[in-house]
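The structure under discussion appears below in the form of structure tokens.
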Amino acid sequence: MQPPFPPLPQVQNRHAVGPFVPKKKIKIRWLEEDARRRETLRKRRSGIIKKAEELHILCDVQTCIVIFSPIDDQPEVFPSIEQAVEMCRRFKQLPEFNRGNLMHTNVQFIQVETRCGKGNG
């Protein structure tokens, strides 16, 4: 009698838990194929919007995302155009020195994450 499910493959990575193998890190680079680039945009756009929604729910913070794409006629806005405009308006009303405390460049973000020990993957 044959088992109802095929046997699980043997995992060589001893850090993998159960039958799941961790995803490989990909090299971030320009995707030359249009179809592949559109598909990657679709997947990553939905992923980042999902993360913003989770951050809003879990941490009780207000989040908004505006994604402009040469593929789409209109930008993708989360949670809504009205709410994003309101958040930007409130941000602009902050004194200049307070705005600077709330913003980080990519380099500053990585430095903060590394100092806090959160950037270790």
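Any residue in the stretch 29-52 that's within 20 Å of residue 80 (Cβ to Cβ): show its pairings with residues that are of a type in the set (Ser, Thr, Tyr) at Cβ separation under 9 Å, as long as the two are six or more apart or on different chains.
The qualifying pairs are 45/69; 51/63; 52/63.
Return yes when residue 42 is charged (D, E, K, R), loosely packed, with under 12 Cβ neighbours inside 10 Å and at pLDDT 90 or above and no when it is not.
Judged against the criteria, residue 42 is not a match.
The values are calculated or read from the model by the stated rules, or taken from the named source; none is laboratory data. Note that the coordinates shown come from a computational prediction; the quantities given were computed from them, not determined experimentally. Neighbour counts run over all protein chains shown; Cβ positions are idealised from the backbone, glycine included.
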